Amino acid sequence: MERLQKRIASVGYCSRRKAEELITKGLVEVNGEVVTKLGTTVKPGDVISVEGNILDNSKAYEYYLLNKPKGYVTTTSDEKGRNTVIDLIETDSRIYPVGRLDYDTTGALILTNDGELANLLMNPKSEVDKKYIVKVKGMVTISDIQKLRKGVLIDGLLTKRAKVKLKSIDKKKETSIVEITIHEGKNHQVKKMFESLGYKVVKLRREEYAFLNLKGLMPGEYRELSIKEVKILYSLCKKNR
Ligand code: URA
């Protein structure tokens, strides 16, 4: 949530003071209704018009979907001087990653400067699905797939139900590929789930974050989310509460 006058100023329409003046004069509408109260807050998807001009909402916040490559940390800075995912996005805004992916994990990662959406997405109550493709050392058994589905103990806690599919087994190399969809986000969760059954994860890619997939994005590439996609993310989080 953001104050209306701040939003009007942040998209470059006018100064915050001028925006306050326009609001009190009754020249600002939010979702078709005149708003004259200065404390009014607005959400990213709200349609705001000022003196009859609809503001380009997309400039208020920035939302990116990155295909995270290996060798990047998902923090805004790193005390060891390693590359951070922020270095990959061309923007002057103070964006940050939504949740974590390990240094050696690749795949779908949202970055934004919209704190409300970031908090909603990271809140376990929102139950946002994350689909991973996992390569493990060893030949995963059907009974272990069942265990992963029902929940395994990691750090003394049982993981929530997961969707798990055994995709393939390479008998010569003794490796397996498994697709797993979880909606929790514990630290190193996928690796720990497999480790709890004796399998070492050798490769991990997040294939989907909610409905967002990596289509058209090579590792290191990113795209902006559309307003429609942002609205769907908001509604997904709210629906599950
Ligand atoms: N689970 C992990 O173990 N690592 C990740 O990077 C993401 C999920």
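The values are calculated or read from the model by the stated rules, or taken from the named source; none is laboratory data. The model shown is predicted, which means the values in this text are computed figures rather than measured ones. Positions of Cβ are backbone-derived with ideal geometry, glycine not excepted, and every protein chain shown enters the neighbour counts.
Could you go through segment 121-136 and let me know if any residue there is surrounded by 20 or more Cβ atoms within 10 Å (Cβ to Cβ), over 20 Å from Lys192 (Cα atoms) and at pLDDT 95 or above. Among the residues of segment 121-136, at least one is surrounded by 20 or more Cβ atoms within 10 Å (Cβ to Cβ), over 20 Å from Lys192 (Cα atoms) and at pLDDT 95 or above, which makes the answer yes. Identify the residue in segment 228-241 that is part of a helix (DSSP H, G or I) and touching a residue at least 24 places away in the same chain (Cβ under 8 Å) and, among all such residues, is farthest from the ligand (Cβ to nearest atom). Checking each candidate, the answer is Lys231. Can you tell me which residues in segment 11-30 are closer than 24 Å to Leu117 by Cβ and in contact with a strand residue (DSSP E or B) (Cβ under 8 Å, 6 or more places away or on another chain)? Correct list: Tyr13, Ala19, Val28, Glu29, Val30.
Here the condition is being small (Gly, Ala, Ser) and over 30 Å from Thr24 (Cβ atoms); of Ser49, Ser93, Ser77, it holds for Ser77 alone.
Residue by residue, here is whether (1) within 16 Å of the ligand (Cβ to nearest atom); (2) in the same structural domain as Tyr13 (by TED's automatic domain parsing); (3) under 16 Å from the mean Cα position of the chain (by Cα) holds:
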| position | (1), (2), (3) |
| --- | --- |
| Thr74 | yes, no, yes |
| Gly81 | no, no, no |
| Asp92 | no, no, no |
| Gly99 | yes, no, yes |
| Thr106 | yes, no, yes |
| Asn113 | no, no, yes |
| Glu116 | no, no, yes |
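Scanning segment 196-227 for residues that are over 19 Å from Thr112 (Cβ atoms) and either near the ligand (Cβ under 9 Å from one of its atoms) or touching a Cys at 6+ places or on another chain (Cβ under 8 Å) (or both) gives Val201, Leu204. Of the set (1) farther than 15 Å from Leu66 by Cβ; (2) away from the ligand (no atom under 16 Å from the Cβ), all apply to His188 but (2).
Only one entry of Ile169, Ile180 meets the criterion of being of a type in the set (A, V, I, L, M), surrounded by fewer than 17 Cβ atoms within 10 Å (Cβ to Cβ) and assigned to a strand (DSSP E or B), and that entry is Ile169. Restricting Asp155, Asp129 to residues that are touching a residue at least 24 places away in the same chain (Cβ under 8 Å) and at positive phi narrows the list to Asp155. Residue check: Asp87 meets all listed conditions (1) of a type outside the set (Gly, Ala, Ser); (2) touching a residue at least 60 places away in the same chain (Cβ under 8 Å); (3) away from the ligand (no atom under 16 Å from the Cβ) but one, namely (2). Criterion first (within 19 Å of Arg100 (Cβ to Cβ), of a type in the set (Val, Ile, Thr), within 13 Å of the ligand (Cβ to nearest atom) and in contact with a helix residue (DSSP H, G or I) (Cβ under 6 Å, 6 or more places away or on another chain)) does Ile154 satisfy it? The answer is yes for Ile154. For beta carbons closer than 8 Å, sequence separation of 6+ or different chains, a first residue in segment 181-206 that is of a type in the set (S, T, N, Q) and a second that is within 7 Å of the ligand (Cβ to nearest atom) and assigned to a loop (DSSP other than H, G, I, E, B), the qualifying pairs are Asn187/Arg100. Whenever a residue of segment 27-53 is at pLDDT below 90, its partners that are of a type in the set (Asp, Glu) and surrounded by fewer than 17 Cβ atoms within 10 Å (Cβ to Cβ), lying with C-beta atoms within less than 8 angstrom and at least six residues away or across chains, give the pairs Lys43/Glu116; Pro44/Glu116.
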